[in-house]
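To keep things clear, I will list the structure first and then write my remarks on it.
The values are calculated or read from the model by the stated rules, or taken from the named source; none is laboratory data. Quantities reported herein were computed from a predicted structural model and do not represent experimental measurements. As a convention, Cβ positions derive from the backbone with ideal geometry for all residues, glycine included, and neighbour counts pool all protein chains shown. Note: accessible area is taken over every heavy atom of the protein model, side chains too, but ligands, DNA and RNA are not part of it. Shrake-Rupley method; radii C 1.70, N 1.55, O 1.52, S 1.80 Å.
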Amino acid sequence: MSSRDRRGGEIESIGGRGTAGGGAVRTERLRAGGAAGVARAAALLRAGGTVAFPTETVYGLGANAFDPAAVEKIFAAKQRPGWDPLIVHVEGGPMLERVVALSPALRVQVEALKQAFWPGPLTLLLPRTAAVPDSVTAGRPLVGVRMPAHAVARELIRLAGVPLAAPSANRFGGPSPTTAEHVLADLDGRIDAVLDGGPASVGVESTVLDLAARAIYRPGAVTAAMISRVIGDEVRVVSAVDVVSGAAAREAMPSPGMGMRHYAPRARLVVVDGQRGMLEEIGKHAGAEVGVMLPDGWDRGGAEVVFRWGPWGDAEVLARLLFAGLRMLDERGVKVIVCPVPETDGLGEALRDRLEKAARPG
């Protein structure tokens with residue numbers, strides 16, 4: 001059977017459809033199309049609740065970043081370890097000033113990056129103010145902060161009147177959610193509400209930049225080359241292998257998404273280079289047991305379950321559909337997912353980062 005993803009992806013399978021588990025407690029599903037849904041979500045946040053909301057990257061699970069009790073609810077709902085810091089989402093300059101403390105020299109560079117990339121998918125690691133709890137930063141002196149481009153997210157923050165600490169709205173370590181349905185599949189009964197604003201347009205998480213260190217800890221839609229052109233200095237991409245050097249390092253990670261294994265589906269993910277490598281890997285498995293992230297025009301080999309991923313040369317489409325495809329193949333009950341890895345140019349670097357982390361053994 002075949003079904004079309006709302007953003008252009010298609011999945012085909014021979015056999016039945018799996019089911020996603022939910023919680024016993026009802027989570028409110030709010031619509032972002034009218035003022036009432038956003039207002040209700042903002043009220044829940046002001047009261048110390050947790051609300052999943054749309055951004056241009058993925059759905060975030062938000063709580064008042066200045067309220068330690070509310071922040072703790074994020075960690076509990078996601079089953080997220082305390083060594084993994086959160087990103088704070090703001091709306092406007094005055095709110096940013098409540099979150100970060102900038103020296104005059106750093107402020108000049110921050111303003112240049114804000115002009116170039118905000119609102120948008122760039123998170124800056126900056127010195128925090130005393131108002132930011134240790135739980136948000138895993139006890140580190142820097143806080144990740146960004147201004148999302150999604151109109152619903154910005155209106156929600158404005159109405160709530162507080163910055164929102166918000167990691168991806170899913171169980172820790174799994175594929176990120178790009179629709180409200182994905183959020184409910186993971187967190188129904190564990191959070192107060194999800195604000196449905198439709199599918200995310202980017203599909204992978206924001207770039208995380210330590211400005212003082214000139215280091216990108218998580219690649220995203222804003223690339224090192226783009227940042228370098230703005231600040232006039234070289235920026236390097238730091239891999240998780242460089243940061244995670246033993247169990248002690250996990251006491252406080254410098255950035256979200258730095259775990260050695262992350263974004264992983266339930267099925268074992270095998271990443272390959274090119275169509276030939278993909279077909280060779282498919283041939284190692286029974287047809288009904290293997291699912292494939294299949295670029296347009298590629299041979300599916302003996303695979304019975306494929307997700308139509310999109311044009312191989314269009315990294316924006318591949319990024320937008322990546323997590324949706326991994327989730328859909330999981331729902332079909334396959335044991336192995338085979339996925340070719342795009343080239344590292346531009347957004348392809350973020351795709352490779354996510355896939356390589358998702359494919360690491362648990």
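Summary table below
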read-out: Per residue value of the accessible surface for the chain (all protein chains in place, 1.4 Å probe), Å²; value: 38
read-out: Carbon plus sulfur fraction of accessible area for segment 49-97, probe 1.4 Å, in percent; value: 59
read-out: Heavy-atom accessible surface of segment 131-222: percent carbon and sulfur, 1.4 Å; value: 51
read-out: Value of [θ]222 nm, deg cm²/dmol, for the chain, DSSP H segments ≥ 4, -39500 (n - 2.57) each, nearest 500; value: -9500 deg cm²/dmol
read-out: Packing rank of 169-175, 231-237, where each peptide gets the mean count of other beta carbons within 10 Å, highest leading; value: 169-175, 231-237
read-out: Leading residue at positive end of dipole, the chain (Cβ point charges), from A185, A160, P148; value: A160
read-out: Loop sites in segment 258-362: GluC sites (Glu not before Pro), DSSP, at most 16 other Cβ within 10 Å; value: E343
read-out: Kirkwood-based Rg to Rh ratio, segment 287-362, C-alpha trace; value: 0.95
read-out: Descending semi-axes in whole angstrom, ellipsoid equivalent of segment 312-354, from the Cα gyration tensor; value: 21, 10, 8
